[in-house]
Amino acid sequence: MRRLRALEPLAWVGPAVVLIAVVVLWPVIEMIRSSFLKISRFGVVQGGNGWANYEKLVNEKDFADIMLRSVIWVVAVVVLTVLVSLALAQLFNQRFPLRKVARWALIAPWAASVLMTAIIFKWMLDPEVGVINQIRLKLGLIDAMGGAAADQLGDASTAMPWLVFVAVFVSVPFTTYALLAGLATIPGDVYEAARMDGAGRLRTYWSVTLPLLRPALTVAALINMMNVFNSFPIIWAMTHGQPGYSTATSTILMFILKSSDIGESAAMSVVNFGMVVVLTVIFLRVSRWNKEVA
Amino acid sequence: MNMKLVGGAALSLATLLVLTSCGSGDGGSGSGSGDQASSGGEVTLKMVAADYGDGPGKPNSGETFWKGVVDEFQAANPGIKVDVQVINWNDIDKQVATMVQNGQVPDILQTGDYSGFVKDGLLYKTDEVLSPNVSGDLLQKFADFGKVDGTAYGIPFVSSARAMFYNKDLFSKAGISEPPKTWDELKAAAEKLKAAGVTQPFGLPLGQEEAQGESFLWMLGNGGGYKDASGKWAINSPQNVETFTYMKGLVDAGLTTPNPGTKDRKTVWEDFGAGKVGMVNGGPMSIPIFDAAGLKNYGVAPIPGKSGPLDTTLGVMDWIMAFNKNGHAAEIKKFFDFFYTGNAAQKISDTYKLLPVTNGGIEKLSGDEKLKPFLDALPNASFYPFQDPKWAEVNPAIKQTIGGAVKEDPAKVLGELQKVAEAG
């Protein structure tokens, strides 16, 4: 009876463990296994391939550029998202009329499908009919619709900022809510104490709010980082990584490779997986997440 | 130690695993083998087909089309059931690859290529699953492309050809009397259109969707192609470099779609339908798009080449094939014969503006004015070198990067593609 009792927790965690094993761990193992196989585009497994898939991947002409761009993409989107969200969270933490409505409105970009948002932006930027270009035309920023000047998604130097913008746009709601929840946990008396000690507003924010917000900030940034690194729909829907590979990240390359060489594509997935783990570890080191707030 | 933090970290770790594994999830939805013989010796053929229509729920969806065919077939052949799974073009190759990888092949597959299944002995030979009178009626040139090392495995399913569409209203507005035949005339016409305020005198989609098709049409205009006459890869041949240098000149002068390397064919066709494009290369399948956009006054002409209109054009064909894993050759033969001898092939041409692959089918359609230029071009069409196993790697590379040849140095971009073709 006692032994049965000891097994009881297993009944509770068992289903979750099985779910994770089947839905998460098994595909990861399959992915790693596939990356060492020679698989034709048609899905025919032609035997082992050693490290050849990885060699081929690393020797792709655009590989280094794409990996560097992926890191820049993650850093740019996450930093901008966090900065915007910190400001928004502060704003939405104040009491003002219709605050509830404003908070609801903020959910919209989050609730809408990312793919849908990306396609909407693509059409708003269309050189012939896009509403953003019509506004730019009215403002005198471009001479006419339809030309290269109106085609911002056609060139990497103007397309990349728009891709980052859309990625920030869809990441801000979640981050803001995570930070709002963090702000709600900060007790009022620490602010009172700060005021008693004569701290100004900036000083209070820097020395009281931010440190106390760190747990929420860490989790929000971390989830964003993984999400953005693996983000596929925004870039795919808006540019397909083109022109060339000049707006592609590693996730886009992985998808493109899937139509020519499944083994190499799997190798890219494994590298991606490794990158996320490395980025996460670096981030946790830098943010000293497990150190007690001083 | 702050418990909240530990919880948060655990949560993030779990999220990390879930998110990273998303990237590698295969979208496969193949279900079991086709060997589910039920009582009474009934045989179920499992078929996977591509969707030529506008997707599920639309009146022209693949589901609706195949249901019509299958109902008729099953009524005539009790004892054989056909179970059709329709998949859209973007996903079908990847999903079929997953089925093959997992050993769950269908009995019949209808898609854009067959050649990769041959080497591993996955397919029936054509004469095992098709009656001689049917295979004899197939267009010879097309049927020949279904052969690997002299033996036929792929059966041509439908085909398509290309020609140049031009907007007659814009042409008369710009004072152009007839469609251009040569590159010089094309440039002159484009300049007149530009002067008349047309934003895209020539629609040039070199983006991911179909860059390999548009590029090939231009290469043919200068006696070039992906391979030379001896069958060697020649993507960076002098002719092709000259071709792309000419195209780059058009792009730099603002006479084409801006940044062609990022523009998909469908977008440019829609722009043509909206009256913003003067000329564009298209096929029968673009006619419904132009009609839907409300464009009526357009003409069809042969595609201009460097010194005269093309005497050949890009032919594209899709294939149907039979996998031998589950047996069922006799039942598959019945279904194929039914499909090609009945009115199903005609129905597919009517519904989707695709061209037939049999002499009989071409005869039946020869009365259609809009399709005539394409039907005439079919017997002398040129094709992608898709039987070369390297094409599977070259094609995605072309789709992704060939647009750079009209933006940067043509010789360099084409040279990189040549390297991909020659590697390994």
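Per residue, how much accessible surface does the stretch A:61-293 expose to a 1.4 Å probe? Answer in Å², no decimals. Numbers along the way, then the final one.
On the way: 11110 Å² over 233 residues.
Solvent-accessible surface per residue comes out at 48 Å².
Accessible area lost on pairing B with A, both sides, 1.4 Å probe, Å² to nearest 100? Working shown, then result.
Values: alone 19320 and 17870 Å², together 32660 Å².
For chain B against chain A, roughly 4500 Å² becomes buried.
Report the residues of the stretch A:73-90 in range of a label on A:TYR191: point 7 Å along Cα→C-beta, backbone N strictly under 19 Å from it.
Residues A:85-90 fall inside that zone.
Can you give the average number of partner chain beta-carbon atoms within 10 Å of each beta-carbon in peptide A:235-243, as a whole number?
Details: counts 0, 1, 0, 1, 3, 7, 3, 14, 13.
Averaged over the peptide's residues, the number is 5.
I'd like the carbon and sulfur percentage of the solvent accessible area for the stretch A:1-118, probe radius 1.4 Å, heavy atoms only, ligands and nucleic acids excluded. Mind dumping the intermediate values first?
Working: 5700 of 7870 Å².
Carbon plus sulfur share of accessible area: 72 percent.
Compute the distance from the alpha-carbon center of the stretch B:134-160 to that of the stretch A:147-217, in whole Å.
62 Å
Determine the alpha carbon to alpha carbon distance for each of A:LYS56/B:LYS232; B:LYS194/B:LYS353; B:LYS276/B:LYS372; A:LYS122/B:LYS266 and list only those over 20 Å.
Details: A:LYS56/B:LYS232 23 Å; B:LYS194/B:LYS353 32 Å; B:LYS276/B:LYS372 26 Å; A:LYS122/B:LYS266 14 Å.
Pairs exceeding the cut-off: A:LYS56/B:LYS232; B:LYS194/B:LYS353; B:LYS276/B:LYS372.
How high is the relative contact order of chain B, in percent, with contacts defined as C-alpha pairs under 8 Å that are six or more residues apart?
Values: 716 pairs, mean separation 95.7, N = 424.
Value for chain B: 23 percent.
From the Cα gyration tensor of chain B, with a ≥ b ≥ c the square roots of its eigenvalues, which class applies: rounded if a/c is under 1.5, or else prolate if a/b is larger than b/c, or else oblate? The partial results should precede the final answer.
On the way: a/c = 1.73, a/b = 1.26, b/c = 1.37.
In terms of gyration-tensor shape, oblate.
Which residues belonging to the stretch A:262-276 lose at least 30 Å² of 1.4 Å-probe accessible area when the assembly is complete, relative to their chain isolated?
For the stretch A:262-276, once contacts with the other chains are taken into account, A:PHE273 lose 30 Å² or more.
At 1.4 Å probe size, put B:LYS412, B:LYS353, B:LYS119, B:LYS407 in order of accessible surface, largest to smallest. Write down the numbers at each step before the final one.
Details: B:LYS412 125, B:LYS353 60, B:LYS119 170, B:LYS407 85 Å².
Ranked list, largest accessible area first: B:LYS119, B:LYS412, B:LYS407, B:LYS353.
Within a Cβ distance under 11 Å of B:SER307, other residues only, what is the Lys/Arg minus Asp/Glu net charge? Kindly include the intermediate steps, with their values, before the conclusion.
Numbers: positive: B:LYS181, B:LYS306; negative: B:ASP184, B:GLU185.
Neighbour charge sum, excluding B:SER307 itself: 0.
Taking each residue of B:405-415 in turn, how many C-beta atoms of other protein chains fall within 10 Å of its C-beta, and what is the average?
Values: counts 0, 0, 4, 2, 0, 0, 0, 0, 1, 0, 0.
Counting Cβ atoms of other protein chains within 10 Å of each residue's Cβ and averaging gives 1.
Any idea how far the Cα center of the stretch B:262-289 sits from the one of the stretch B:338-409, in Å?
Answer, in whole Å: 17.
Can you list residues whose amide H is under 5 Å from B:VAL86's amide H, if they're 5+ apart or on another chain and H is modeled 1.01 Å from N?
Under 5 Å from the amide H of B:VAL86 lie the amide H atoms of B:ALA49, each far enough along the sequence or on another chain.
Where Lys and Arg each count +1 and Asp and Glu each count -1, what net charge lies around A:ASP197 among other residues with Cβ under 14 Å from its Cβ? Provide the component values of the computation, followed by the final result.
Values: positive: A:ARG195, A:ARG201, A:ARG203; negative: A:ASP189, A:GLU192.
So the surrounding residues net to +1.
If I take every Cα pair under 8 Å that is 6 or more residues apart in the stretch B:64-191, average their sequence separation and divide by the length, what percent do I get for the relative contact order? Write out the running numbers ahead of the final one.
Working: 49 pairs, mean separation 17.7, N = 128.
In percent, rounded to a whole number, it is 14.
Restricting to bridges with both residues inside the protein assembly as shown, how much of the DSSP beta-bridge set is antiparallel, in percent to the nearest 5?
Values: 27 of 44 bridges.
Percentage antiparallel, nearest 5: 60.
Between the alpha-carbon centers of the stretch A:75-137 and the stretch A:5-55, tell me the distance in whole angstrom.
Each part reduced to its Cα centre gives a spacing of 37 Å.
How shielded is B:389-401 by partner chains, expressed as the average number of their Cβ atoms within 10 Å of its Cβ atoms?
4
What's the extension gain from B:ASN60 to B:ALA274 if we count 0.36 nm per residue and subtract their Cα-Cα distance? Intermediate values should be presented prior to the final figure.
Working: separation 214, 0.36 × 214 = 77.04 nm, distance 2.30 nm.
Taking 0.36 nm per residue and subtracting the Cα distance, the gain is 74.7 nm.
For the stretch A:61-293, what does the relative contact order come out to in percent, with C-alpha contacts under 8 Å and a separation of six or more? All intermediate terms of the calculation are to be shown ahead of the outcome.
Numbers: 232 pairs, mean separation 63.6, N = 233.
Dividing the mean separation by the residue count of the stretch A:61-293 yields 27 percent.
Amide H of B:LEU45: which non-local residues (sequence gap of 5 or more, or other chain) have their own amide H closer than 5 Å, using H built in the peptide plane?
B:LYS81, B:VAL82, B:ASP83
Sort the following peptides by mean Cβ neighbour count (other Cβ atoms within 10 Å, averaged over residues), highest first: A:217-229, A:99-111, B:359-371.
Details: A:217-229: 23.2, A:99-111: 12.5, B:359-371: 14.2.
Packing proxy ranking, top to bottom: A:217-229, B:359-371, A:99-111.
Pop out the carbon and sulfur fraction of the accessible area of chain B as a percent, whole number, probe 1.4 Å. Provide the component values of the computation, followed by the final result.
Values: 8840 of 17020 Å².
The nonpolar share, carbon plus sulfur, comes to 52 percent.
Go ahead and estimate [θ] at 222 nm for chain A from helices alone: -39,500 (n - 2.57) per DSSP H run with n ≥ 4, summed, over the residue count, rounded to 500.
On the way: 14 runs with 203 residues, N = 294.
Result for chain A: -22500 deg cm²/dmol, rounded to the nearest 500.
In square angstrom, what is the accessible area per residue of chain B with a 1.4 angstrom probe?
40 Å²
So what's the net charge close to B:THR126: Lys and Arg +1, Asp and Glu -1, counting the other residues with Cβ under 14 Å from its Cβ?
Values: positive: B:LYS125, B:LYS147, B:LYS333; negative: B:ASP127, B:GLU128, B:ASP137, B:ASP144, B:ASP149, B:ASP337.
After counting each charged neighbour, the total is -3.
The values are calculated or read from the model by the stated rules, or taken from the named source; none is laboratory data. Source: prediction; values computed, not measured. We place every Cβ from the backbone using ideal geometry, glycine too, and count neighbours over all the protein chains shown. When the accessible area is computed, the model is the full protein with side chains, heavy atoms only, and any ligands, DNA or RNA have been set aside. Shrake-Rupley method; radii C 1.70, N 1.55, O 1.52, S 1.80 Å.
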